[in-house]
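Structure first, commentary second.
The values are calculated or read from the model by the stated rules, or taken from the named source; none is laboratory data. Because the structure is a prediction, the values reported are computed rather than measured. Heads up, the Cβs are rebuilt from the backbone with ideal geometry, glycines too, and the neighbour counts pull from every protein chain shown. We work out accessible area using only protein heavy atoms, side chains counted, and drop any ligands, DNA or RNA first. Shrake-Rupley method; radii C 1.70, N 1.55, O 1.52, S 1.80 Å.
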Amino acid sequence: SIKWQKNLFRTAMVMLIALIAVFGADQLDNVVSLVGSFCLVPLSFIYPSSMHLKLIANTRWVRFKDSVLIAIGVVAMVYVTFISVVTWGTSDPPIDVCL
C-alpha cells in the first residue's frame, strides 16, 4: 500500500543521510558548499526573481531586470557547484580560481 511505500522511502532517505554523515564527516565543508550551491543560490537569486517576473512585473524594464537576476543566479549556481567539485578533497581554498 501507499503507507508502506512512504515508510520505505523515508527509511531509505534516513539511511542515505546517515551514510553521508558517517563517511562525509571529514568533508563537511564540501558538503555544505554543495548544499549552498544547489539550495541557497537559487533561493536568494532565482526563485524571488522568477516569482516577481510571473506575478508583478508589468513593464519591459522590470522584466529585463528580473531576467538578468535569474541569469546571474544560474551562472552563480553553476560556478559555485563547479568550484565545490573541483576542490573536493583538498583543504586549500581556490583563491586563484575565485579571483
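Selection over the stretch 3-28 of residues that are free of Cβ contacts under 8 Å to residues at least 12 places away in the same chain, open to solvent by less than 100 Å² (accessible area, probe 1.4 Å) and part of a helix (DSSP H, G or I) gives a count of 11. On the basis of being in contact with a Gly (Cβ under 7 Å, 6 or more places away or on another chain) and either at pLDDT 95 or above or open to solvent by less than 100 Å² (accessible area, probe 1.4 Å) (or both), does Phe45 make the cut? Spelling it out, Phe45 is indeed in contact with a Gly (Cβ under 7 Å, 6 or more places away or on another chain) and either at pLDDT 95 or above or open to solvent by less than 100 Å² (accessible area, probe 1.4 Å) (or both). Can you run down the residue pairs with Cβ atoms below 7 Å, 6 or more apart or on separate chains, where the first is in the stretch 79-91 and touching a residue at least 40 places away in the same chain (Cβ under 8 Å) and the partner is part of a loop (DSSP other than H, G, I, E, B)? That search, which allows pairs on different chains as well, returns Ile83/Pro94; Thr87/Pro94.
Within the stretch 49-66, the only residue that satisfies the criterion of being touching a Leu at 6+ places or on another chain (Cβ under 8 Å) and open to solvent by 60 Å² or more (accessible area, probe 1.4 Å) is Arg63.
Set side by side, the residues Leu69, Leu40 differ, and just one is open to solvent by 100 Å² or more (accessible area, probe 1.4 Å), among the aliphatic types (A, V, I, L, M) and assigned to a helix (DSSP H, G or I), which is Leu40.
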